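Student: Input: one structure, supplied below.
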Amino acid sequence: IIKSINFRDKIYGWKRYSLIIMIDKFHISSINFRSKRDGWKKFSFAIESPKTDKDKVLLVEPLNKNVFMQGFLNDLYLRPSCYNCPSRSFKSGSDITLADYWGIQNVLPEFDDDKGVSLVMVNSGRGKAIYEALQFDDRETSYYDALAGNAAIEKSAVLTRKRAAFFKRLNKEQLIPLIQELTHVSLLTKIRNKAVYALRKTGLLTFIKTMVKLK
C-alpha cells in the first residue's frame, strides 16, 4: 500500500484513489465497479487477483461503503459533459438507445432477477428492424415507466458547488477524508430518502405526484 503521494502531481479521481488503496505490490486481474456478487441493487466495488491466485478477492465493498463510488455516485468528479449531456432526450440521432433499466422492480417485478435488466429504446424504423431480427427474452413497457427510474434519459447530472469544492481542495487535502466530508448525508436527509423509497416501492409516489399536478 502506498503511504504517501506527491500532491503537487495533478492526479485526479480514480487514478489517485487507486494509488492510495493498492497498487504495485499486488497483481490485479480485474477491477469491477459494479460487481453483482451481492446482486445488482447492492452492487459492489471489487478488486480481484489473477486466477492463478485461486480467484482471490483483494477488496469488496458495497456501493454505500466504498469511498470512491460514493464520490462518483454523488457526481463529484464526473466528466464536464455529464453535466450538460449533448445526447440526452435522444439528440444523438441513434437508431437504438441502451441503458440499465433502473427501477425495473417497480415496473415488472416478476422479470427482475437482481442480476441487471437492460433497457432498450428503439428510436427509428431501422432500429426496430434490427431489434426484431435479434432473439431476446424481453418485455415491453411504456416510455414513462422507463423514465421514472432513469431520469438521465432527459436530464443531465446536476452540477453542484461540491464538485467545484472538491477540485479546489483536491491538491491540498487527503483524498478519502475529502470525499467523505463532501458526501456526508445528514440524518434528516436519510429519513427523507427512506420515506421516498418506501413511497416509490408501494407506488404511492407516482400517485402523489399525479395529484399535485392535477392541482
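Student: Over all distinct alpha-carbon pairs, what is the Kirkwood Rh of the range 134-188 in angstrom?
Tutor: This gives a value of 15.1 Å.
Student: My understanding is that a pair violates if its Cα-Cα distance is over 23 Å; which of LYS42/LYS190; LYS36/LYS190; LYS162/LYS209; LYS115/LYS190; LYS162/LYS190; LYS115/LYS209 do that in this structure?
Tutor: Violating the 23 Å limit, Cα to Cα: LYS36/LYS190; LYS162/LYS209; LYS115/LYS190; LYS115/LYS209.
Student: On a full-extension model of 0.36 nm per residue, what is the gain between ARG139 and ASN171, subtracting their alpha-carbon distance, rounded to one decimal in nm?
Tutor: 6.7 nm
Student: Continuing with this model, one more query. Using the Karplus curve 6.51 cos²θ - 1.76 cosθ + 1.60 with θ = phi - 60°, what ³J(HN,Hα) values do you get for each residue of the range 65-81, in whole Hz, with x for Gly and Pro?
Tutor: Coupling constants for the range 65-81: 10, 6, 5, 4, 5, 5, x, 5, 5, 9, 6, 6, 9, 6, 5, x, 5 Hz.
Student: Please list, in chain and number order, the residues 5+ apart from TRP40 or on another chain whose amide H is under 5 Å from its amide H, with Hs placed from the backbone.
Tutor: LYS115, GLY116
Student: How much solvent-accessible surface does GLU48 expose, in Å² to the nearest 10, with a 1.4 Å probe and all protein chains in place?
Tutor: Counting only protein heavy atoms, the figure is 50 Å².
Student: Same structure again: Take GLU132, project a point 7 Å from its Cα along the Cβ direction, then tell me which residues of the range 67-99 have their backbone nitrogen under 17 Å from it.
Tutor: 95-96
Student: Another question, if that's okay. Enter the accessible area of SER124 (Å², nearest 10), with the probe set to 1.4 Å and all protein chains included.
Tutor: Taking all protein chains as shown, SER124 has close to 40 Å².
Student: Net charge near SER124: determine it from the other residues with C-beta under 15 Å of the C-beta of SER124, scoring Lys and Arg +1 and Asp and Glu -1. Please list the in-between numbers first.
Tutor: On the way: positive: LYS91, ARG126, LYS128; negative: ASP95, GLU132.
Neighbour charge sum, excluding SER124 itself: +1.
Student: While we're here: Quick one: if you stick a label point 7 Å off each Cα along the C-beta vector at ALA99 and LYS42, how many nm between them?
Tutor: Calculated label separation equals 2.6 nm.
Student: Does anything in the range 65-105 have its amide N under 15 Å from the 7 Å Cα→Cβ label point of LEU147, and if so which residues?
Tutor: 88-91
Student: Determine the sum of side-chain charges near ARG88: Lys and Arg each +1, Asp and Glu each -1, restricted to other residues whose C-beta is under 11 angstrom from that of ARG88.
Tutor: Surrounding charge for ARG88 is +1.
Student: What full-extension length gain, to one decimal in nm, is calculated for SER30 and LEU108 as 0.36 nm per residue of separation minus the Cα-Cα distance? Let's see the in-between values first.
Tutor: Details: separation 78, 0.36 × 78 = 28.08 nm, distance 3.22 nm.
Once the chain is fully extended between SER30 and LEU108, it gains 24.9 nm.
Student: So what is the diffusion coefficient of the range 67-158 in µm² per second by Stokes-Einstein at 20 °C and 1.002 mPa s, using a Kirkwood Rh over Cα pairs?
Tutor: It diffuses with D of about 144 µm²/s by this estimate.
The values are calculated or read from the model by the stated rules, or taken from the named source; none is laboratory data. Since we're looking at a predicted model, the values are computed, not measured. Neighbour counts run over all protein chains shown; Cβ positions are idealised from the backbone, glycine included. Protein only, heavy atoms only, side chains kept; ligands, DNA and RNA dropped before computing areas. Shrake-Rupley method; radii C 1.70, N 1.55, O 1.52, S 1.80 Å.
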